[in-house]
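Just so it is clear, none of the values below were taken in a lab; they were calculated from the coordinates. Being a predicted model, the structure only gives us computed values, none of them experimental. FYI the Cβ positions are ideal-geometry reconstructions off the backbone, even for glycines, and counts take in every protein chain you see.
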Number of protein chains: 2
Amino acid sequence: MTVPVAINEDKLSETFAALANGTRRAILARLAAGAATVNELAEPFDMTLPAISKHIKVLERAGLIVRAQHAQYRPCALNAAPLAELSSWAEQYRPIWESRFDRMDDYLHELQHRGRTGERR
Amino acid sequence: MTVPVAINEDKLSETFAALANGTRRAILARLAAGAATVNELAEPFDMTLPAISKHIKVLERAGLIVRAQHAQYRPCALNAAPLAELSSWAEQYRPIWESRFDRMDDYLHELQHRGRTGERR
């Protein structure tokens with residue numbers, strides 16, 4: 001298994017960093033139901049506008065949110081494209097989590113055997 | 001679309017944070033080919049042992065790496081289970097990135113229309 005070279009590693013790091021926060025993931029879940037203004041987003045989350053704006057900026061920089069430039073309320077919309085890239089990245093590991101080696105007992109047994117014999121594959 | 005309540009939000013945040021680094025993702029890619037000692041991991045990455053150890057600790061805390069406790073070299077092995085959870089999380093958004101709304105032209109047009117009329121859905 002190899003990582004495809006086409007993946008933009010910096011962009012992927014930014015996507016992962018943006019998603020490493022429960023509030024930001026909740027904002028995306030809300031936007032999956034439709035575009036929303038910052039005010040609309042702040043309401044259900046019981047957060048101050050500056051706090052929610054900060055989270056939105058992180059999501060915007062990561063390309064997960066796009067905002068209308070000329071509309072009066074500059075509503076936020078979900079851009080799911082980076083999530084598709086993230087999903088492709090994770091799917092590379094599907095054969096591993098679906099294989100029998102996913103059963104940690106077998107895996108650890110193999111590791112401990114290697115440790116005793118000093119054998120290297 | 002709703003986020004399943006079964007997801008452990010803190011654990012998911014830790015997984016995302018651990019993956020927000022190209023070196024750590026490269027370590028996982030290397031471990032997908034088989035278990036490796038810290039020395040073996042450090043070699044191809046041209047990193048010092050303390051630097052690689054720090055990355056391994058982050059991955060271990062996030063449950064993405066398990067280490068044999070009693071083996072002489074304490075080899076590292078990939079645990080793909082958190083990647084399966086991450087994939088499930090991302091897959092929720094597949095209908096969005098596959099839908100016509102993924103075409104940003106349509107989406108932005110809709111947003112700008114809303115902005116002009118002040119209409120809210």
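Plainly put, the tip 7 Å out from Cα toward Cβ on A:GLY63 is 3.0 nm from that tip on each other copy, the closest given first. Bridgeable lysines around A:LYS54 (alpha carbons under 25 Å apart, same-chain partners fewer than 8 residues away excluded): A:LYS11, B:LYS11. The local environment of A:VAL38, defined by Cβ-Cβ distances under 13 Å, has a net charge of +2 under the rule Lys, Arg +1 and Asp, Glu -1.
Amide H contacts of A:ILE65: A:GLU60, A:ASN79, each under 5 Å away and 5 or more positions distant or on a separate chain (H built 1.01 Å from N in the peptide plane; Pro and chain starts excluded). Mean per-residue shielding of peptide B:88-99 is 6, counting Cβ atoms of other chains within 10 Å of each Cβ.
Neighbouring Cβ atoms from other chains, within 10 Å of the Cβ of residues in A:18-25, number 5 on average. Position B:ALA29: other-copy label points at 3.2 nm, ordered by increasing distance, label point 7 Å along Cα→C-beta. Sorted from nearest, the other copies put their A:GLU91 label points 1.1 nm away, the label point being 7 Å from Cα in the direction of Cβ.
Taking a Cβ cut-off of under 11 Å around B:ALA18, the surrounding Lys, Arg, Asp and Glu residues balance to a net charge of +3, with basic ones at +1 and acidic ones at -1.
Taking other C-beta atoms within 10 Å as the exposure proxy, A:THR37, A:THR48 rank A:THR48, A:THR37 from fewest upward. The chain A residue nearest the rotation axis shared with chain B, using its Cβ and rounding the distance to whole Å, is A:PHE16, 2. Converting phi to 3J(HN,Hα) with the Karplus coefficients 6.51, -1.76 and 1.60 and the offset θ = phi - 60°, the range B:43-59 yields 3, x, 8, 6, 10, 6, 4, x, 5, 5, 4, 4, 5, 5, 4, 4, 5 Hz in sequence order, with x at every glycine or proline.
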